[in-house]
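The values are calculated or read from the model by the stated rules, or taken from the named source; none is laboratory data. Since this is a predicted model, take the numbers as computed values, not measurements. All Cβ positions, glycine included, derive from the backbone under ideal geometry; neighbour counts span all protein chains shown. Quick note on the areas: whole protein, heavy atoms, side chains included, nothing else; ligands and nucleic acids left out. Shrake-Rupley method; radii C 1.70, N 1.55, O 1.52, S 1.80 Å.
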Amino acid sequence: MFVVHSYALAVAFCVLTMLCWGSWAVTRKLAPPDWRFQLFYWDYTLGVLLITLALGITLGNSGTEGRAFFSDLSQASTASLISALLGGAVFNLANILLVAAIEIAGMAVAFPVGIGLALIIGIIMNYVADPVGNVVLLSAGVFFVILAIILDALAYRRLAGGSTGANSAKGLALAVACGVFMGMFYRFVAAAMYTDTAHPTPGKMGSYAAVFVFAVGILLSSFVWNTLAMHKPFIGPPVGFRDYFAGRLRTHLTGVLGGAIWGAGTSLNLIASERAGFAISYGLGQGATMVAAIWGVFIWKEFRTAPVGTSTLLTTMFGSFLTGLVLIVLARTL
């Protein structure tokens, strides 16, 4: 399989992860306004599965190191398969909770609480399990990224006139739950993987097989989590499977594209983790919040009517984010 040996290439892969994780939701805007997120999500999960399979068949079967994709899958132990599947189910629950928190309480509550908490939990769990990198620089980098997320939330709060909605307490609880689960999913996938491609551990999987099984876990768990969200939505009336099959092909393709973008980013992140370490790869990837903010500021012009002083918050946010990224990258080299 294709293996990353250069740390610079591993960092580049993590940056691409940020771009993918921070940009997949743009495809949601390409769907009709009345196409509910629960319907979009089925195609999203299909897109994740298809791109991970495609990368497994191509890059996962190239090179001489590690195991070939299908050989890797066939020798995986039951424990490794369950761990990766569970990672998919946990991520899926966290992702749906995040969307619900945004709908109820807005980005000003959902992102700093949900993604900030996920970043802290995820890096701590992955560093304890695989202590790669300078812990002081890594911690400092995480601090600046979390600061950037908080500044981003403050900017959105000013845009919303200081209101986070009548159901902010409910939204806050959902964001906390999202953060806990989002911080845990990566460790389940990492636990199913071997880290030495020269000497693959029997029963463990390489990045290509692990992320594919993870994607299967996302799809299978959607029949539980997303079906519940369809019948018991946090916002709006229930939707049925009949509504899904009434959608046009172009509408379905927007969801598949969104899932393919996110799945490609996740695959690159796990491929990079073999060289960068799980904690650093996860930490860099979660900078996706700032990529989403870039879309909002420069492409969708969401802050063009914001009060005076918001531009200062945004400038400080981007500066803090870049500082955090540099520190996280240096944590592997110093």
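Here are the numbers for this structure:
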| read-out | value |
| --- | --- |
| Shape parameters for the range 76-143, alpha-carbon atoms, Rg then Dmax in Å | 15.1, 42 |
| Longest DSSP-loop-exposure-free segment, trypsin sites (Lys or Arg not before Pro), the chain, at most 11 other Cβ within 10 Å | 1-247 |
| Solvent-accessible area, 1.4 Å probe, carbon plus sulfur percent, for the range 220-334 | 70 percent |
| Calculated P(r) of the range 53-114 - Cα pairs past 20 Å, % | 53 percent |
| Hydrodynamic radius of the range 1-139 per Kirkwood, over alpha carbon pairs, in Å | 18.1 Å |
| Computed label-point distance, nm, for sites TRP295 and THR64 using a 7 Å Cα→Cβ extension | 4.2 nm |
| Phi-based couplings in Hz for the range 222-227 (Karplus 6.51, -1.76, 1.60; Gly and Pro marked x) | 5, 5, 9, 5, 6, 5 |
| Alpha carbon convex hull of the range 282-334, volume per residue in cubic angstrom | 64 Å³ |
| Exposure of ILE57 as accessible area (Å², to 10), given a probe of 1.4 Å and all protein chains | 80 Å² |
| Unit charges on C-beta of K, R, D, E only; dipole of the chain, Debye | 620 debye |
| Rg/Rh ratio calculated on Cα atoms of the range 205-332 (Kirkwood radius) | 1.05 |
| Three semi-axes of the equivalent ellipsoid, the chain, Cα gyration tensor, whole Å, largest first | 31, 26, 17 |
| Accessible carbon and sulfur surface of the range 99-161 relative to its total accessible area, %, 1.4 Å | 75 percent |
| Dmax and Rg, reported as Rg then Dmax, of the range 152-279 (C-alpha, Å) | 19.0, 57 |
| 5 angstrom amide H check on MET205, placed H, neighbours 5+ away | MET193, TYR194 |
| Whole-number accessible area per residue in Å² for the chain, which is evaluated in the context of all protein chains at 1.4 Å | 41 Å² |
| Kirkwood hydrodynamic radius over Cα pairs of the range 88-215, then Stokes diffusion coefficient at 10 °C and 1.306 mPa s, in µm²/s | 99 µm²/s |
| Phi-based couplings in Hz for the range 53-64 (Karplus 6.51, -1.76, 1.60; Gly and Pro marked x) | 5, 4, 5, x, 5, 8, 5, x, 10, 9, x, 10 |
| Radius of gyration and maximum dimension Dmax of the range 256-315, Cα, Å | 15.5, 45 |
| Share of alpha-carbon pairs per 10 Å distance bin for the range 117-161, given as whole % | 25, 42, 21, 11, 1 |
